[in-house]
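To start, the structure itself, in structure tokens.
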Amino acid sequence: MDTLKELFKIGNGPSSSHTMGPQKAASIFLKRNENSEKFVVELYGSLALTGKGHLTDWVIKEVLGEERTEIIFHPELFFDYHPNGMKFKAFLNDEIIDEWLVFSVGGGVLKELNEERQEEVNYYQYNTMNEILNYVEERGISFLDYVLESEPQDILTYSRLIIDTMFASVKRGLKTEGSLPGPLKLKRRAPEIYQKHLLKKDLNSLVFAATLAVSEENASGNVIVTAPTCGSSGVLPGVLYAYHIFENIGKDCLTKALLVGGLIGNLVKHNASISGAEVGCQGEIGTACSMASAALAYLKGGTSKQIEYAAEIALEHHLGMTCDPVMGYVQIPCIERNALSARRAIDSCNFALLTDGEHFIDLDTVIISLKETGKDINPNYRETSLGGLAKVRKIR
Ligand code: SF4
């Protein structure tokens, strides 16, 4: 598995696959062709179908230059390798001087056609939960110890930066009023719910407010942390921020809990997928919920088996969840879904902590099921906005 620095990335929303990935690809292509007079970028499959709502075309033009860039949408063209394909072409004196077919495979990661999807650098000795559980139990160490011995030496410093960035986006979102960009004209709800929380002072309202705050910042194209993706970026900070404020848990503990949650996200990313375009929302919000549940179980002193169970419950009960963003915007159902899944992460954790951690279906099995279910989900429900809620909205 790759380093957690590749899972938790700081960047602008609203989508790691549809915004961050294309932004990175455009920057690389621009560096290769700084003298180009004109760029043509073809977007394929899911990038073409929901690109406008995810600001794909906007971010590419921002990088390459609005006046010299033409975007062509090919929603009918899906590559078997991955649904998020794009081809960059650079022109000089009306002749093509460079061309690059590249895929945004989730979490801001880019791959070329048929390139091996596993990471080149494997930081971890064991890449399944069962292997990791055996290893930590045999040696009498924790998941955190395993992460720390696998990751680069500065991972705790990086994790602290991630916590600070997450909380900065919570704080901005809690006080920013107005509407979200796009035709849906949705009102930001985090500030209002936060005001209600200040009167009630209960954990639930703070979890909802903090999660909405980050998701609304993401939908506005502002800075967030992929956890594991932009669309699902609200769940983990929502839960951690609420416990930081409500239970007075210090940032040092949260920094460590984030790494435990990250281990779960890495397992899903490595053994299945965290891309909504590939496996539906189960891979995004389902994984985020599982990560948050594991992080919280760590904070509450759970054993390794209880942490694994907390992660397993959260992921299991998101299996089959489809991705059908209305009009292609990462707003409905995404924003509310983050808030509800943050609550579900807490419930999953609390449930697991009532047991000794023994259970029937293990996390590895759920991750494999997620991958298989993702393959079977009709493409209309994999970030194409062609089915489900997205279609209902179009009929009206
Ligand atoms: S429905 Fe889920 S997977 Fe799809 S864009 Fe929204 S958050 Fe991402």
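Here are a few things to note about the model shown:
- Criterion: under 30 Å from residue 3 (Cβ atoms) and assigned to a helix (DSSP H, G or I) - qualifying residue of 269, 196: 269
- Residue count, the stretch 159-204 (criterion: within 19 Å of the chain's Cα centre (by Cα) and among the aliphatic types (A, V, I, L, M)): 6
- Strands (runs of 3 or more DSSP E) within the stretch 1-79 that include 2 or more residues under 19 Å from the mean Cα position of the chain (by Cα): 10-12
- Out of 73, 79, 88, sole residue that is of a type in the set (Phe, Trp, Tyr) and either touching a residue at least 40 places away in the same chain (Cβ under 8 Å) or out of contact with any strand residue (DSSP E or B) (no Cβ under 7 Å at 6 or more places or on another chain) (or both): 88
- Total residues in the stretch 299-331, condition β-branched (Val, Ile, Thr), within 21 Å of the chain's Cα centre (by Cα) and within 23 Å of residue 255 (Cβ to Cβ): 1
- Counting the residues of the stretch 33-52 that are farther than 16 Å from residue 112 by Cα and surrounded by fewer than 24 Cβ atoms within 10 Å (Cβ to Cβ) gives 9.
- The sole residue among 84, 122, 127 that is under 30 Å from residue 295 (Cα atoms), open to solvent by less than 50 Å² (accessible area, probe 1.4 Å) and under 25 Å from the mean Cα position of the chain (by Cα) is 127.
- Considering the stretch 319-363, the residues that are under 16 Å from residue 303 (Cβ atoms) and among the charged types (D, E, K, R) include one that is nearest to the ligand (Cβ to nearest atom), namely 362.
- Residue satisfying condition, being touching a residue at least 40 places away in the same chain (Cβ under 8 Å) and assigned by TED's automatic domain parsing to the domain that holds residue 86, within set 147, 105: 105
- Evaluation of residue 388 against (1) open to solvent by less than 20 Å² (accessible area, probe 1.4 Å); (2) at positive phi (one fails), failing number: (1)
- Of residues in the stretch 214-242 being open to solvent by less than 10 Å² (accessible area, probe 1.4 Å) and more than 16 Å from the ligand (Cβ to nearest atom), the one nearest to residue 3 (Cα to Cα): 240
The values are calculated or read from the model by the stated rules, or taken from the named source; none is laboratory data. These numbers were taken from a predicted model, which means no experiment stands behind them. A quick note on method: Cβ atoms are made from the backbone with ideal geometry, for glycine too, and the neighbour counts reach across all protein chains shown. Note: accessible area is taken over every heavy atom of the protein model, side chains too, but ligands, DNA and RNA are not part of it. Shrake-Rupley method; radii C 1.70, N 1.55, O 1.52, S 1.80 Å.
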